[in-house]
Amino acid sequence: MRNSQMKRASRAVWSTRRGSRYILAARAAVAGLALTLAAVACHDITTLEQSNPGQLGPGVFAPENADLIVNSSRGDFECAFNQYIATSGEFVDELRNAISATLNFNLDRRTVTADDAVGTDDCTSQQYGAVYTPLSVARASNDVAVAHLEGWTDAQVPDRSQLIGVASAYGGYSLVLLGEGMCSAALDLGPELTPAQLFADAMTRFDTAVVAATRASDANTLNLALLGRARTELDLGNSAAAAADAALIPPGFEVDIDHDATATRRQNLVYIDILQAQFSSVDTSIINRYRASFANPGDTADARIAVDSLGPIGSDGFTPIWLPRKDASATSLQTLAKYSEAQLIIAENDVNTGALPAAKTIINALRAAAHQPAFNPGTLTATNVMAEIVEQRKRELFLEGHRLGDIRRLNLPLAPATGAPYVSGGVYGDQSCFPLPNVERINNPNL
């Protein structure tokens, strides 16, 4: 990391709002890591009662704490990823609202405002998931970890290269999700950045992670960084480079986020929102896909999108509660990166380069693994093969934080359509990204 990046990381800032009062939480990245080390939830990063980061002891960021610092910054990302899956899933066509609450209506019907909690809430939010603050915290805490690690020596931290690789990879994923989910963002009180600029920043983190993980012979982190870089390259419109990185991912590779049954910020939020709180349910489009598989000759129910009707109705009085089997408990794992994602990236590049039979081979391997019949459209065209890739991504990556990015990257139609009546009042909006929170604009002098 360049010196300028290290300086920016060490002064990372989040703006936060409570009621009608605003504060600027200077050096929140440093405070966030220190508070986590003290076993304080990420909620405390954005409260008015937090202690002055300048009062932190000088020994917190010491070489002997390197592993703990990286575990803490990784935990910040895992919490943010959990929030992003549930929030973006309800924003698009993976989940639907089941509670009578205006903020939830705004999320479900795509009419989120720049003052809504989706921008300003933290990692402990469960009724209304958050995106901007948790991902900003995760990005900054991982950048801070890397900055300190690069200032230490291998003699001080024997696993320094491995830790740099891990923190850089999770910092990269934080930026990818900001780019895929936000209309724009700002880093460390800097200027407003476009998604493309956020993806470019993510690339630098993944590049660092690849070099560090290779140096440390850490195959798992190397594959995580390579697939993260492939995802970013795809977002940037460079499918050839994306496919080249994706081709390096070995069969069976997968990185999951684990959860805890009791710690609020570590519970599987999809499970909490649906089964425990009945705030949301699975979207009708997914339910109908799963149901339809039972009616097709030769087809077997696709376990990737398996859902179960729980019987109760949500607090809105009319939404049936359906639970995805992949999120059947508070400790159910959530997948961040896996081999099948890499294969779908390669298939998309195959379409772009006219290698349609190769894309079909990948599609049919995924369909066979999910007990679906083979893909046989007759004449192969770029249009029908790409449509099947989109369908396989919807199934294979269901509730894994990809759908919103896919809709934006591929310019897929919003469903229900813009202007369609919303069941709890109003109409569906045309949003396909979350607006930058007003609190950022108010507190950031460079906006």
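Helical runs assigned H by DSSP (4 residues or longer) give the chain a calculated mean residue ellipticity at 222 nm of -15000 deg cm²/dmol, each run adding -39500 (n - 2.57) before division by the residue total.
With a 10 Å radius around each residue's Cβ, average the other Cβ atoms per peptide and rank 222-228, 338-344, 436-442, 126-132, highest first.
Working: 222-228: 26.1, 338-344: 21.6, 436-442: 19.6, 126-132: 23.4.
Ranked by mean Cβ neighbours within 10 Å, highest first: 222-228, 126-132, 338-344, 436-442.
Just to confirm the number: angle between the C-alpha axis of helix 28-37 and the first principal axis of the chain, 0 to 90 degrees, nearest 10? With both axes taken from Cα atoms, the answer is about 90 degrees. Note the angle between two axes, namely the Cα long axis of helix 195-215 and the longest principal axis of the Cα atoms of the chain, as a number of degrees from 0 to 90, rounded to the nearest 10. Taking the Cα atoms of the chain, the angle to 195-215 is about 70 degrees. Highest-first packing order for the peptide set 104-112, 193-201 is 104-112, 193-201, based on the mean count of other beta carbon atoms within 10 Å.
Take each peptide in 375-383, 401-409, 303-311, count the other Cβ atoms within 10 Å of every residue, and average; sorted highest first, the result is 401-409, 303-311, 375-383. Between region 256-288 and region 206-249, how far is it from one alpha carbon centroid to the other, in angstrom? Centre-to-centre (Cα) distance: 29 Å. What do you get for the angle between helix 66-91 and the principal long axis of the chain? Use alpha-carbon atoms, 0 to 90 degrees, nearest ten. Between the helix axis and the principal axis of the chain, the angle is about 40 degrees. With both labels modelled 7 Å from their Cα along Cα-to-Cβ, the residue 361 to residue 197 distance reads 4.3 nm.
Annotation: amide H-H contacts under 5 Å for residue 307 (H modelled 1.01 Å from N, sequence separation of 5 or more, or interchain): 325.
Charging the Cβ of each Asp and Glu at -1 and of each Lys and Arg at +1, and nothing else, the dipole of the chain about its Cα centre rounds to 400 debye.
Under a 5 Å amide H cut-off, with hydrogens placed 1.01 Å from N, residue 321 pairs with 310, 311, 314 among residues at least 5 apart or on other chains. When only Cα pairs below 8 angstrom with a gap of at least 6 residues are kept, the chain shows a relative contact order of 19 percent. Across region 160-303, the mean sequence separation of Cα contacts (distance under 8 Å, 6 or more residues apart), normalised by length, yields a relative contact order of 17 percent.
FYI, it's all coordinate maths here, none of it is from the lab. The model shown is predicted, which means the values in this text are computed figures rather than measured ones. Methodologically, a virtual Cβ is constructed for each residue, glycine included, from the backbone with ideal geometry; neighbour enumeration extends over all protein chains shown.
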